[in-house]
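A short write-up of the structure that comes next.
The values are calculated or read from the model by the stated rules, or taken from the named source; none is laboratory data. From a predicted model like this one, the values you see are computed outputs, not experimental measurements. Here the Cβ is made from the backbone with ideal geometry for all residues, glycine too, and neighbour counts use every protein chain on show.
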Amino acid sequence: MPIDRRTMLSAGLGAGIATSPANSARAAGARERLAANVMPVSPDELGLKSGIKTDQSAALQAVIDEAANRRAPLLLPPGHFRTGALTLRPGSKLIATAGTTMLEFIGGPAFLYGENADDVVIEGLDLDGAFQKLDPSQADGLIVLRSSKGVTLRDLRLDRSIANGISLQACAGSVSDCTVTTALQAAIFSLDATGLEILHNTVVDCANNGIQVWRSEIGEDGSVVAQNRIVRIRADAGGTGENGNGVNVFRAGSVLVTGNRIGDCKYSAIRGNAASDIQMVANACSRLGEVALYSEFGFQGALIAGNVVDTAATGVSITNFNDGGRLAVVQGNLIRNLFRREHEQEDKRGNGIAVEADTAVTGNVIENAPSAGLSIGWGTYVRDVIATGNLIRKAKIGILVSSDASSRGCLIANNMISGTANGNIRTMDGSGNPTGPDLAVSGSSGTRFSVTGNLAV
């Protein structure tokens with residue numbers, strides 16, 4: 001049975017093997033077997049030339065289109081192929097064996113781009129952006145998908161993007177087991193997701209953020225960011241916290257960030273800005289330049305529980321009651337080795353946990369805090385805070401609470417405080433300076449706050 005290039009291409013697309021009439025029965029059996037399998041094809045059979053400087057865009061686009069038309073997967077062969085912009089179609093499935101197939105970008109408005117491209121699958125590819133320019137009106141990453149459902153990006157390696165590694169807008173699906181390095185914006189950026197999971201990825205040496213989950217307007221998002229490894233995130237674009245974060249959630253509600261390993265970020269491990277009902281659960285975070293776990297500005301609802309923070313300017317911050325930031329649970333976290341940023345004019349920090357309004361702080365362990373183990377309120381911004389059952393060791397001051405006359409509703413009870421240098425529980429003025437006696441000794445009970453049952457040793 002002769003097999004020419006056209007026959008092999010069809011086989012590679014899962015369409016079966018063409019045969020002569022005499023072999024029709026055998027061909028029918030082959031088609032049945034190939035319905036569940038993709039036959040490998042060589043670079044020559046696809047019209048591709050590996051390892052040369054020729055632009056392979058036309059040949060690659062032709063087989064991508066043919067595969068999509070047949071609604072069949074395309075198995076890309078091993079090799080190094082240089083290409084410009086490639087358009088993904090609905091149902092495009094680009095499959096390679098991880099570590100063997102490299103697409104190198106040679107420039108163009110986009111690299112891999114799809115819009116209204118439902119059920120796209122890209123698996124096993126290495127993508128080298130080579131820091132080539134993109135058209136910002138069309139593409140802000142090496143892989144860009146818009147308004148697409150059923151997206152599966154799996155086991156990819158992306159390197160040297162001038163913008164983001166992966167950029168998704170109004171997409172649903174999953175990004176899993178991918179490695180993104182040296183992106184000059186974020187490794188993975190999602191805007192207005194419609195049901196997205198970002199799982200088991202490795203993000204290393206990115207310029208501004210690791211994983212971003214954003215929305216155009218405040219609203220429910222529901223993305224899951226779980227079990228990723230994120231290290232060495234800079235803040236090359238500057239700012240006061242919008243860059244330099246392992247996971248950055250902005251305006252996106254009901255996002256679950258759990259089980260991630262995050263370290264060496266310029267600012268935060270996880271930062272939620274106007275992100276209501278965010279959950280930061282069971283993450284391991286180390287060597288952060290500012291607040292490790294941050295919920296700020298106009299949010300309502302944050303759960304920060306079961307995390308480990310080692311080395312940060314502050315472990316947890318629940319803040320901006322002045323902008324409507326309120327309602328949180330901070331529970332069961334282990335926070336240690338805080339430091340002060342003495343080079344900063346004002347925002348030096350050095351606290352284990354800092355909260356302001358409508359928050360329960362329970363069962364946390366804090367050790368080595370050069371400012372305070374727990375800071376409650378800031379000036380007039382304190383309301384309805386419970387701090388119970390916490391263990392604070394080796395802090396300059398164990399617990400600070402705002403002394404402002406307009407503050408109200410703070411219960412500090414049944415905490416254990418050990419080895420403080422400048423008092424166990426004290427009030428503070430509007431600048432954060434400690435005032436008055438040690439309330440762990442004298443106690444206090446009234447309409448503004450109550451201090452009772454604490455043990456200072």
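Considering the stretch 412-457 alone, what residues qualify as being among the hydrophobic types (A, V, I, L, M, F, W, C) and either surrounded by fewer than 17 Cβ atoms within 10 Å (Cβ to Cβ) or closer than 17 Å to Leu391 by Cβ (or both)?
Initially, the stretch 412-457 is screened for residues among the hydrophobic types (A, V, I, L, M, F, W, C), giving 412-413, 416-417, 421, 425, 428, 439-441, 449, 451, 455-457.
Within the stretch 412-457, Ile412, Ala413, Met416, Ile417, Ala421, Ile425, Ala440, Val441, Val451, Leu455, Ala456, Val457 meet the criteria.
Among the residues of the stretch 423-430, is there at least one that is in contact (Cβ under 8 Å) with a residue 40 or more places away in the chain and in contact with a helix residue (DSSP H, G or I) (Cβ under 7 Å, 6 or more places away or on another chain)?
So the first thing to find is which residues in the stretch 423-430 are in contact (Cβ under 8 Å) with a residue 40 or more places away in the chain, and the list is 428, 430.
Then drop every residue that is not in contact with a helix residue (DSSP H, G or I) (Cβ under 7 Å, 6 or more places away or on another chain), which leaves none.
Checking the stretch 423-430: not a single residue is in contact (Cβ under 8 Å) with a residue 40 or more places away in the chain and in contact with a helix residue (DSSP H, G or I) (Cβ under 7 Å, 6 or more places away or on another chain).
Is at least one residue of the stretch 123-141 surrounded by fewer than 18 Cβ atoms within 10 Å (Cβ to Cβ) and under 19 Å from Val175 (Cβ atoms)?
Filtering the stretch 123-141 for residues surrounded by fewer than 18 Cβ atoms within 10 Å (Cβ to Cβ) gives 130-133, 135-138.
Keeping just the survivors that are under 19 Å from Val175 (Cβ atoms) gives none.
No, that holds for no residue.
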Step by step: first the residues of the stretch 109-137, then only those that are of a type outside the set (Asp, Glu) and out of contact with any strand residue (DSSP E or B) (no Cβ under 7 Å at 6 or more places or on another chain), then the one that is farthest from Thr182 (Cα to Cα). Which residue is that? Asn116
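If you go through the stretch 302-357, how many residues are more than 23 Å from Ser402 (Cβ to Cβ) and among the basic types (Lys, Arg)?
Here is the first cut: in the stretch 302-357, the ones more than 23 Å from Ser402 (Cβ to Cβ) are 303, 305-311, 332, 334, 336-337, 339, 342-343.
Add one more test, that the residue is among the basic types (Lys, Arg), and what stays is 336.
Going through the stretch 302-357 one residue at a time, the tally reaches 1.
Could you check the stretch 107-122 and list, in sequence order, the residues that are of a type outside the set (Gly, Ala, Ser) and either modelled with pLDDT under 95 or surrounded by fewer than 19 Cβ atoms within 10 Å (Cβ to Cβ) (or both)? Before the answer, list the steps.
Filtering the stretch 107-122 down to residues of a type outside the set (Gly, Ala, Ser) leaves 109, 111-113, 115-116, 118-122.
Selection gives Pro109, Glu115, Asn116, Asp118, Asp119, Val121.
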Is there any pair linking a residue in the stretch 349-370 that is under 19 Å from Arg408 (Cα atoms) and at pLDDT 95 or above to one that is outside any strand (DSSP E or B) and hydrophobic (A, V, I, L, M, F, W, C), with Cβ under 8 Å and at least six apart or on different chains, and which? Glu356/Phe321; Glu356/Val382; Ala357/Phe321; Ala357/Val382
Go through the stretch 266-309 residue by residue and tally those that are more than 14 Å from the chain's Cα centre (by Cα) and of a type outside the set (Ser, Thr, Tyr). 23
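Yes or no, residue by residue, for (1) in a loop (DSSP other than H, G, I, E, B); (2) at positive phi:
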position: Ser286; (1), (2): no, no
position: Leu293; (1), (2): no, no
position: Thr311; (1), (2): no, yes
position: Val316; (1), (2): no, no
position: His343; (1), (2): yes, no
position: Glu346; (1), (2): yes, no
In the stretch 55-76, what residues are farther than 20 Å from Leu142 by Cα, without any contact (Cβ under 8 Å) to a residue 40 or more places away in the chain and outside any helix (DSSP H, G or I)? Arg71
Residue pairs within 8 Å by beta carbon, gap of at least six or interchain, first lying in the stretch 82-98 and without any contact (Cβ under 8 Å) to a residue 24 or more places away in the chain and over 18 Å from Val151 (Cβ atoms), second of a type in the set (A, V, I, L, M, F, W, C) and in a loop (DSSP other than H, G, I, E, B), listed first then second, are none
Tally up the residues in the stretch 264-284 that are among the hydrophobic types (A, V, I, L, M, F, W, C) and not in a strand (DSSP E or B), please. 4
From (1) in a strand (DSSP E or B); (2) out of contact with any Phe, Trp or Tyr (no Cβ under 6 Å at 6 or more places or on another chain); (3) within 16 Å of Val231 (Cα to Cα), pick out the condition that doesn't hold for Gln212. (2)
Residue list for the stretch 233-249, filter: surrounded by fewer than 18 Cβ atoms within 10 Å (Cβ to Cβ) and outside any loop (DSSP other than H, G, I, E, B): none
Residue in the stretch 314-338 that is surrounded by the fewest Cβ atoms within 10 Å (Cβ to Cβ), counting only those that are in contact with a Gly (Cβ under 8 Å, 6 or more places away or on another chain) and hydroxyl-bearing (Ser, Thr, Tyr): Thr319
